[in-house]
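Let me begin by presenting the structure, written as structure tokens, before commenting on it.
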Amino acid sequence: MKILAVDDDPIILELLSHFIEGMTDHTLVTAECAADALQVIKDNARAPFDSFLLDIQMPVTDGIELASQIRSMKQYIEAPILMLTAMSEKSYIDAAFSAGATDYVTKPFEMTELKARLSLVERAVEGLATRTSKIFAAKAVTHHNGKPERAVQLHEPMAIHDVNNLIEFMALENYVQQLSRSDLFGSICFAFNIRDVEHFHGSMSNFEFCSMLSDVGEIISDTLDGCQFLMSYAGGGTFVCITESGWRPDPRLLANDINISLAKTELFDNRGEHINPRICAGKAVRLMWKTNSSVMDALSEAHVSAEEATANYQKVQNDFWNVGRTA
Amino acid sequence: MHQKLELPGIERIRARFLEMLEQRQRALAEHALAAWEGTSLQDINDNLTEARRILHQIAGTAGSLGFDDLGTIARDNEVAIDTHLDGPSGKIASCPTEIIFGLDDFLKSSEALIAEQATLESA
């Protein structure tokens, strides 16, 4: 991997150079401030970086703002961004994830921890490359026989950009795994599932399907606006949300608000036909008293619960027409 | 003391850290004194903010280089300054004695570490 590290402390940059160049096969380029980093990114446009290590607290432009600027560049829309933070203060970390960070390491870091985090980043970069090659392959097929593209897999998580507090699924997993016991205490996760998502996926082009997910994500994000939360698209038409302590959401009421907003928002496909995505909410799952692995189970539980809510809704709709009928 | 990181060549970075520590402790002492003697709120808080920035950098690397105790003292002082600046006392033109005592403790620890490392090097 080619990595750009940005930190205003020269000792950190020396440590990173020493470790990364001495112990791994990665190439490290360094910058001491956000302005230098943006220039370095520009200078390396022909051989772009695979990932970034950014200090959160830097003078003038901090790492959170820099992460946001990097994310706005087309070629780095999905590149892993690992934040370096001397603070365990959750508000900084939340802001970093909201700005597009994939993961974080707390300073002073230990080499074993940094190595483990870099391995995850490397796997993400490899996954990105595989996915990109699949998309190119799918596009080639599309051009060849004119059939709709199928590169976006229904049950795969997908990055959706430019929606407030909506982050990549891998970033959400990293975030949850690193929450401290006290942070977990009041945190709650829940999920929303798009009804008939299989139909939308089957009948729409990649672009239409992604646009619909983005629109639904935006409406969910707008509905939760004003509360501290992070959310992610987990695949299968499901958006998983994590809220901060102090707020106990009622997912069913939120689902009503979201569906009202969806009804008010006129959404169309590429043929100009009106589409009516609606969602179902699963149950709220508390994260307190959970260990690392069971926190991940809680995410799955919320996800499954939302899918079950959709299945139940559809069953009720079908059974309604069967009332009074006999075999 | 150096149990955390024993990669080959790490001594060079430790030496650079100690060299910078001498410069940083001088700057820190100047800012602490200026905050203590400052008369305006902005003057006091600007100097404390600058002192905090230096402590933040030291706290971020000392532990990775095996200087855990110094890193912990730097972090404690950083947190104390943050608490002061973010709290109601941060709006009064006065520098708390506890912060100055805390910075004094840090400077003594820093001097002791530099002296200890110099002794080890010459031995």
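The values are calculated or read from the model by the stated rules, or taken from the named source; none is laboratory data. Here the structure is a predicted model, which is why all the values come from computation and not from measurement. Virtual Cβ from ideal backbone geometry, glycine too; neighbours counted across all protein chains shown. SASA here: full protein model, heavy atoms, side chains in, ligands and nucleic acids out. Shrake-Rupley method; radii C 1.70, N 1.55, O 1.52, S 1.80 Å.
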Among the numbered criteria (1) of a type in the set (Asp, Glu); (2) outside any loop (DSSP other than H, G, I, E, B); (3) modelled with pLDDT under 85, which single criterion is violated by residue A:149? (2)
Quickly run through the stretch B:39-67 and pick out the residues that are within 8 Å of chain A (Cβ to nearest Cβ) and open to solvent by 30 Å² or more (accessible area, probe 1.4 Å). B:53
Looking only at the stretch A:240-253, which residues are assigned to a helix (DSSP H, G or I) and without any contact (Cβ under 8 Å) to a residue 40 or more places away in the chain? A:252, A:253
Looking only at the stretch A:25-79, which residues are closer than 12 Å to residue A:3 by Cβ, acidic (Asp, Glu) and in contact with a Leu (Cβ under 9 Å, 6 or more places away or on another chain)? A:50
Residue identified as in the same structural domain as residue A:281 (by TED's automatic domain parsing) and at pLDDT 95 or above among A:207, A:192: A:192
For the structure I just gave you, tell me whether residue A:227 is closer than 26 Å to residue A:101 by Cβ and surrounded by fewer than 19 Cβ atoms within 10 Å (Cβ to Cβ). yes
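Yes/no per residue for (1) closer than 25 Å to residue A:112 by Cβ; (2) in contact (Cβ under 8 Å) with a residue 40 or more places away in the chain:
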{"position": "B:41", "(1), (2)": "no, yes"}
{"position": "B:56", "(1), (2)": "yes, no"}
{"position": "B:74", "(1), (2)": "yes, no"}
{"position": "B:83", "(1), (2)": "no, no"}
{"position": "B:87", "(1), (2)": "no, no"}
{"position": "B:100", "(1), (2)": "no, yes"}
{"position": "B:103", "(1), (2)": "no, yes"}
{"position": "B:123", "(1), (2)": "no, no"}
For residue A:275, only one of the following conditions fails: (1) within 26 Å of residue A:99 (Cα to Cα); (2) open to solvent by less than 60 Å² (accessible area, probe 1.4 Å). What is its number? (1)
Of the residues B:74, B:93, B:32, which is among the aliphatic types (A, V, I, L, M), loosely packed, with under 13 Cβ neighbours inside 10 Å and either more than 30 Å from residue A:110 (Cα to Cα) or within 12 Å of chain A (Cβ to nearest Cβ) (or both)? B:93
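For every residue, the table says whether it meets (1) touching a residue at least 40 places away in the same chain (Cβ under 8 Å); (2) buried (at least 20 other Cβ atoms within 10 Å of the Cβ); (3) within 14 Å of chain B (Cβ to nearest Cβ).
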residue: A:23; (1), (2), (3): yes, no, yes
residue: A:34; (1), (2), (3): no, yes, no
residue: A:43; (1), (2), (3): no, no, no
residue: A:46; (1), (2), (3): no, no, no
residue: A:55; (1), (2), (3): yes, yes, yes
residue: A:58; (1), (2), (3): yes, yes, yes
residue: A:61; (1), (2), (3): no, no, no
residue: A:67; (1), (2), (3): no, yes, no
residue: A:74; (1), (2), (3): no, no, no
So which pairs qualify, if the first residue must be in the stretch A:214-236 and free of Cβ contacts under 8 Å to residues at least 60 places away in the same chain, the second must be open to solvent by 10 Å² or more (accessible area, probe 1.4 Å) and aromatic (Phe, Trp, Tyr), the Cβ gap must be under 8 Å, and the two must be at least 6 apart or on different chains? A:227/A:247
Between a residue in the stretch A:267-278 that is free of Cβ contacts under 8 Å to residues at least 40 places away in the same chain and over 13 Å from residue A:219 (Cβ atoms) and any residue that is outside any strand (DSSP E or B) and acidic (Asp, Glu), which pairs come within a Cβ distance under 8 Å, given they are 6 or more apart or on different chains? A:274/A:266
Pick from the stretch A:76-105, criterion within 14 Å of another protein chain (Cβ to nearest Cβ) and open to solvent by 50 Å² or more (accessible area, probe 1.4 Å), ranking: modelled with the lowest pLDDT: A:88
Within the stretch A:214-223, work out how many residues are touching a strand residue (DSSP E or B) at 6+ places or on another chain (Cβ under 7 Å) and either part of a loop (DSSP other than H, G, I, E, B) or farther than 19 Å from residue A:313 by Cβ (or both). 3
Of a type in the set (Asp, Glu), within 11 Å of chain A (Cβ to nearest Cβ) and open to solvent by 60 Å² or more (accessible area, probe 1.4 Å): is that true of residue B:19 in this structure? yes
Given the condition within 14 Å of chain B (Cβ to nearest Cβ), more than 14 Å from residue A:175 (Cβ to Cβ), assigned to a helix (DSSP H, G or I) and of a type in the set (Ser, Thr, Tyr), answer yes or no: does some residue in the stretch A:109-118 qualify? yes
Of (1) under 30 Å from residue B:65 (Cα atoms); (2) surrounded by 18 or more Cβ atoms within 10 Å (Cβ to Cβ); (3) modelled with pLDDT of 85 or more; (4) among the small types (Gly, Ala, Ser), residue A:124 satisfies every one except (3)
